[in-house]
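The values are calculated or read from the model by the stated rules, or taken from the named source; none is laboratory data. These numbers were taken from a predicted model, which means no experiment stands behind them. Positions of Cβ are generated from backbone atoms using ideal geometry, with glycine treated the same way; all protein chains shown enter the neighbour counts.
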Amino acid sequence: MRLLTYLVLGFAALVVIAWSVANRGAVTVASAPDLTAYGLPASPTYDVPLFALALGFGAVGFILGAAREYLREGRVRRRAAESRREADKLQREVATLKRNQNLDEDDEIIALTAR
């Protein structure tokens, strides 16, 4: 299974690298629309490689999606932690009861449950 994961990740990396090399041409990115006709100052523009722009927006989207999912699943993680604590508490209680209980060796059912 680990080999399959590495193969898929390697293939995805090759696709991203090939796509990046094919799209390394610069594009002009403006921080705001050109409103100089209305007497406003010109907004700054930047020349950025297309692949950097696309990969940057993809990374930002991935991070925002992961953060949203983490926050959405908080309730489920909290319930799981509460259930885990309750199970640990009950296991400790069962162990205490087994330790403190004097079992009658003639009673087979009680002897079986004590094991």
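Screening 29, 16 for residues that are surrounded by 10 or more Cβ atoms within 10 Å (Cβ to Cβ), under 24 Å from residue 58 (Cβ atoms) and in contact with a Ser or Thr (Cβ under 9 Å, 6 or more places away or on another chain) leaves exactly one candidate, 29.
What number goes with the only condition from (1) among the β-branched types (Val, Ile, Thr); (2) in a helix (DSSP H, G or I); (3) out of contact with any Leu (no Cβ under 9 Å at 6 or more places or on another chain) that residue 16 does not pass? Result: residue 16 passes all but (3). Considering the conditions (1) at pLDDT 95 or above; (2) over 32 Å from the mean Cα position of the chain (by Cα), residue 65 is excluded by exactly one of them, (2).
Note on region 32-47: residues that are hydrophobic (A, V, I, L, M, F, W, C) and either in contact with a helix residue (DSSP H, G or I) (Cβ under 8 Å, 6 or more places away or on another chain) or closer than 21 Å to residue 57 by Cα (or both) total 2.
Name the one entry in 52, 87, 95, 66 that is part of a helix (DSSP H, G or I) and surrounded by 11 or more Cβ atoms within 10 Å (Cβ to Cβ). Quick ask: steps written out before the conclusion?
Numbers: 87 fails: surrounded by 11 or more Cβ atoms within 10 Å (Cβ to Cβ); 95 fails: surrounded by 11 or more Cβ atoms within 10 Å (Cβ to Cβ); 66 fails: surrounded by 11 or more Cβ atoms within 10 Å (Cβ to Cβ).
Every option except 52 fails the conditions.
Of the residues that make up region 39-48, is at least one closer than 30 Å to residue 18 by Cβ and hydroxyl-bearing (Ser, Thr, Tyr)?
yes
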